[in-house]
Amino acid sequence: MDGNGRWAQLQGKKRVFGHKSGVESVRSSVTAARKLGVKALTLFAFSSENWLRPQEEVSVLMELFMLVLNREVKRLHKNDIKFRVIGDVSRFSDKLQEKIRAAEQLTEHNQGMVLSVAANYGGRWDIAHAARKLAEQVQANEISLADVNEQSLNQHTSLADMPELDLLIRTGGDHRISNFLLWQAAYAEFYFTDTLWPDFNENEFNKAVDTFCQRERRFGQTGEQVKLQ
């Protein structure tokens with residue numbers, strides 16, 4: 001979800017105004033995904049590198065996260081959406097960690113869709129964390145080195161229980177994924193748009209999905225093989 005700060009600056013306002021406006025785009029994307037029958041949606045809210053931003057902006061983002069948890073979780077629960085946070089939440093305040101746990105517990109049995117919010121998350125962290133878990137299992141003689149493979153490592157990644165990542169959307173005009181879901185994106189389709197996040201509405205979400213539906217996904221096979229399936 002990129003472009004909040006630039007969107008605000010184009011309007012002559014502080015960057016933090018863009019983050020607040022971006023909340024409506026979150027609602028729109030969740031609504032669009034739910035209507036389309038998407039089973040899992042992951043939003044990149046705060047990367048492990050975002051701590052390097054100005055302190056005022058980081059503080060506002062933390063306050064906004066708390067505000068959204070207070071206001072939106074009941075709505076998610078009402079719409080049968082399971083909420084979860086992926087990333088290293090230990091760096092957040094105790095109060096925010098408590099809010100996250102409460103939101104996850106409230107919605108844990110919902111079946112309509114899983115909404116994952118990546119907060120203090122990085123793709124490299126995710127892979128390294130999974131590798132460490134495997135190393136600990138080997139050290140404890142719970143598994144052997146022969147058991148270390150793609151499948152066993154995947155079991156310890158943040159979205160291990162989710163479907164394969166199909167589509168990765170990046171707003172804001174940059175053509176990179178900025179350390180997001182590196183492991184999971186191996187066979188994902190990428191969709192880059194110049195639209196800044198606060199302008200990314202339900203119609204924009206549907207455009208991204210329409211583009212995805214027009215692509216041929218071969219997974220190493222030839223186009224002819226795919227057509228015969």
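Quick notes on this one:
- Cross-link pairs LYS74/LYS99; LYS14/LYS95; LYS20/LYS95; LYS20/LYS99 - those with Cα-Cα distance over 22 Å: LYS14/LYS95
- Working note: Cα atoms of the chain, range along each principal axis, descending, whole Å: 57, 47, 35.
- As a fraction of the 1.4 Å probe accessible area of the chain, surface on carbon and sulfur atoms comes out at 49 percent.
- Evaluated at q = 0.14, 0.16 Å⁻¹, the base-10 log of the normalised Debye intensity for the stretch 83-203, with identical point scatterers placed on the Cα atoms, takes the values -0.78, -0.98.
- All other residues whose Cβ lies under 12 angstrom from that of HIS109 are scored, Lys and Arg at +1 and Asp and Glu at -1, for a net of -2.
- Values of log10 I(q)/I(0) for the stretch 17-128 across q = 0.12, 0.22, 0.24 Å⁻¹ run -0.41, -1.38, -1.55, by the Debye formula with one identical scatterer at each alpha carbon and no solvent.
- Calculated SAXS-style log₁₀ I(q)/I(0) at q = 0.13 Å⁻¹ - the stretch 1-67, Debye, Cα scatterers: -0.41
- Per residue, the Cα convex hull of the stretch 98-154 amounts to 142 Å³.
- Here LYS35 is the anchor, and the aspartates and glutamates within straight C-alpha reach of less than 16 Å, apart from those fewer than 8 places off in the same chain, are ASP80, GLU202, GLU204, ASP210.
- The alpha-carbon of LYS82 sits under 15 angstrom from the alpha-carbons of these aspartates and glutamates, leaving out residues fewer than 8 places away in its chain: GLU72, GLU104, GLU108, ASP161.
- Full-stretch length increase - SER178, LEU145 - with 0.36 nm per residue and alpha-carbon distance subtracted: 8.7 nm
- Solvent-accessible heavy-atom area per residue, rounded to whole Å², over the chain at 1.4 Å: 58
The values are calculated or read from the model by the stated rules, or taken from the named source; none is laboratory data. Small disclaimer: the values here were computed from a predicted structure and weren't measured. Note that each Cβ is placed from the backbone with ideal geometry, even for glycine, and that neighbours are counted across all protein chains shown. Heads up: the accessible areas ignore ligands, DNA and RNA and are worked out on the full protein's heavy atoms, side chains in. Shrake-Rupley method; radii C 1.70, N 1.55, O 1.52, S 1.80 Å.
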